[in-house]
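Chemist: Right, I'll just put the structure down here and ask away after.
Values quoted throughout were computed directly from the atomic coordinates according to the rules given, and no laboratory measurement underlies them. Keep in mind that this is a model prediction, so the values were computed, not measured. So basically every Cβ, Gly included, is an ideal-geometry build from the backbone, and we count neighbours across all protein chains shown.
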Amino acid sequence: MKKKLFFLFFVLIFNISAVYAVEVIPQIRVLIQDYTPEISIKSDKNIFFYENINKEPVEISGNTNIKAFDEYILIDSNGKTIQSFSNQIYFKPSENSLMEINQSSYGYTIEIKKAGQNIRAINHLPLEDYLLGVLPYELNSKYIEAMKAQAVISRTYAYARILASKKNDYDIRSDYYHQVYGGHKNIEQDVEDAVKITRGLVICLNDKIAQYICYHSTCAGATENNEFVFFTKPVDYLRSVKCTYNALNEYKQNFIINNNVKIQDIKKTDDPLCEGSKYIKWQVSINLNDVETNLPFDLKDKIGKISGFEVIKKGISGRTAKLKIKGERNEYIVNGDKIRSIFKFMDNDRFKNLYSTFIELSNIDNENIINTEGKGWGHSVGMCQFGAVTMAKHGFTFEDIINFYYKNINIKKIY
Ligand SMILES: [Zn+2]
């Protein structure tokens, strides 16, 4: 009887924690080209074109141009033009070959979908293979534990997107808006290792996927609570964390239980763990004429000429969480990370968002310029990538890194 009870208990526990486990590796749909009139696919071998994934493929040349035409899609392959029967078609490469679009190479399936008079390209592939094309762009380090931490976080982020975007045309974008994915050319061994060793591992809160997981480049001493950056509801695992050597010493003494790992001595200082980043400290000049020009039309009209600023609220780390812009007509309050996109500055003939909101603004000078001194790069919530690399360098494991930056979470294998 006792045995039976134990068995029942086990089944119940197993079922509860198995709710989020899946049998096979999930597929992800990555948007690689958006609203473009024409797409060229290049491949060193022939490629296969499908009207419908269940239909027989048509073998065509690896040099193909695709564009929207009327209600359909036109495929121009080696001088031969094929018109699709629908507004959605698929391409696959020959075995051991890839398809090149805009200098990036992709495997598996590329879906071309009509979007008005334009087309978009979506790469369908298994989540694990997707990560091989993310890591080189999001965190490429010689310290494998930092890459493993990034693999688990990027997997969590992508899987949460898959679950949330079932009704959409795609799950995730391939640019900075979500996370950068550059396809599958020349994947290095350490990238493969980092993904393979962490296969199926995701970050959970109470056994549910951590759907708001995020990360950034350089926090410059402390990360920030999500509510002071995105103005969303406070999330348990997105709390401000001190990213310093002293904080790491304390973490090592109180939280690390895995004694098999040899951790190097950590210097006793409040210097940031991410001190190796070139964005640890920076200075930019912002031309207020540019800020006024870049403001959304209704706001430009409402505020008028900008005459000054006032910090209304700061986050836990000292970042500006609310900034009042004073104008000749009206005042306007900008929240959290939006400050970065309003205070654009010119860099190499291009407008860039301000690197962070960890800033001190000078007074406006005679030429309508404000000098901004700042620290860090990115929105500052979740793992600090440069800090993670320092932890890996000192011998911490990817689990240690994840638990240092995200509180109260558990890491779970879903396949
Ligand atoms: Zn940091």
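Chemist: For 92, 305, what's the fewest-to-most ordering of other Cβ within 10 Å of each Cβ? Working shown, then result.
Modeler: On the way: 92 18, 305 12.
So the ranking, lowest neighbour count to highest, is 305, 92.
Chemist: In addition: Rounded to the nearest 20 debye, what is the charge dipole size of the chain about its Cα centre when +1 sits on each Lys and Arg Cβ and -1 on each Asp and Glu Cβ?
Modeler: Details: 53 positive and 49 negative charges, 290 e Å.
Dipole of the chain, to the nearest 20 debye: 1400 debye.
Chemist: Counting other Cβ atoms within 10 Å, keep those with at most 16, restrict to DSSP loop, and tell me which trypsin sites (Lys or Arg not before Pro) in region 225-303 are left. Walk me through the numbers before you get to the answer.
Modeler: On the way: sites: 239, 242, 252, 262, 267, 268, 278, 281, 300, 302; in loops: 239, 262, 267, 268, 278, 281.
Of the trypsin sites (Lys or Arg not before Pro), the ones in loops of region 225-303 whose Cβ has at most 16 other Cβ atoms within 10 Å are 262, 267, 268, 278, 281.
Chemist: Continuing with this model, one more query. Could you work out, for the chain, what percent of all Cα-Cα pairs fall into each 10 Å distance bin, beginning at 0 Å and stopping at the bin that holds the largest distance?
Modeler: 4, 19, 24, 23, 19, 9, 2, 0, 0
Chemist: On to the next question. Tell me, what is the percent relative contact order of the chain, built from C-alpha pairs under 8 Å that lie six or more residues apart?
Modeler: In percent, rounded to a whole number, it is 17.
Chemist: Further, regarding this structure: Using Cα positions and a limit of under 16 Å, work out the lysines in reach of residue 252, with same-chain residues fewer than 8 apart set aside.
Modeler: Filter leaves 242, 262, 267, 268, 393, 407.
Chemist: In nm, what is the difference between 0.36 nm times the number of residues separating residue 192 and residue 281 and their Cα-Cα distance?
Modeler: On the way: separation 89, 0.36 × 89 = 32.04 nm, distance 3.32 nm.
Full-extension gain reported as 28.7 nm.
Chemist: Taking 0.36 nm per residue of separation and subtracting the Cα-Cα distance, what length does fully extending residue 137 through residue 23 add?
Modeler: On the way: separation 114, 0.36 × 114 = 41.04 nm, distance 2.88 nm.
Length difference between fully extended and current span is 38.2 nm.
Chemist: Return the FRET efficiency for the residue pair residue 301, residue 199: r is the Cβ-Cβ distance, R0 is 41 Å, and the value is rounded to the nearest 0.05.
Modeler: Working: r = 54 Å, r/R0 = 1.31.
Efficiency computed from Cβ-Cβ geometry: 0.15.
Chemist: For region 282-375, state what percent of all Cα-Cα pairs lands in each successive 5 Å bin, counting from 0 Å until the bin that includes the largest distance.
Modeler: Spelled out bin by bin, region 282-375 gives 3, 14, 26, 29, 19, 8, 1 percent.
Chemist: Okay, next question. Choose one of 284, 354, 311: the residue whose Cα lies farthest towards the positive end of the charge dipole of region 282-375 (beta-carbon charges +1 Lys, Arg; -1 Asp, Glu; about the Cα centre).
Modeler: Looking along the dipole axis, the top candidate is 311.
Chemist: Could you list the chymotrypsin sites (Phe, Trp or Tyr not before Pro) in region 91-130 that lie in coil according to DSSP, counting only those with at most 10 other Cβ atoms within 10 Å of their Cβ? Kindly include the intermediate steps, with their values, before the conclusion.
Modeler: Working: sites: 91, 106, 108, 130; in loops: 108.
Qualifying residues, ordered by number: none.
Chemist: Between residue 393 and residue 329, with labels modelled 7 Å along Cα→Cβ, what's the label distance in nm to one decimal, could you check?
Modeler: Result: 5.1 nm between the two label points.
Chemist: Region 42-148: which GluC sites (Glu not before Pro) are DSSP loop and have at most 14 other beta-carbon atoms within 10 angstrom? Could the numbers behind the result be given before it?
Modeler: On the way: sites: 51, 59, 71, 95, 100, 111, 128, 138, 145; in loops: 51, 71, 95.
Sparse-neighbourhood loop GluC sites (Glu not before Pro): 71, 95.
Chemist: Once the cut-off is 20 Å, how many percent of the Cα-Cα pairs in region 27-125 end up in the long-distance tail?
Modeler: Working: 1289 of 4851 pairs.
Result for the distance tail: 27 percent.
Chemist: If you don't mind, there's one more thing I want to ask. Which listed residue (294, 221, 409) has the Cα farthest towards the positive end of the charge dipole for the chain, taking +1 on Lys and Arg C-beta and -1 on Asp and Glu C-beta about the Cα centre?
Modeler: The listed residue farthest towards the positive side: 409.
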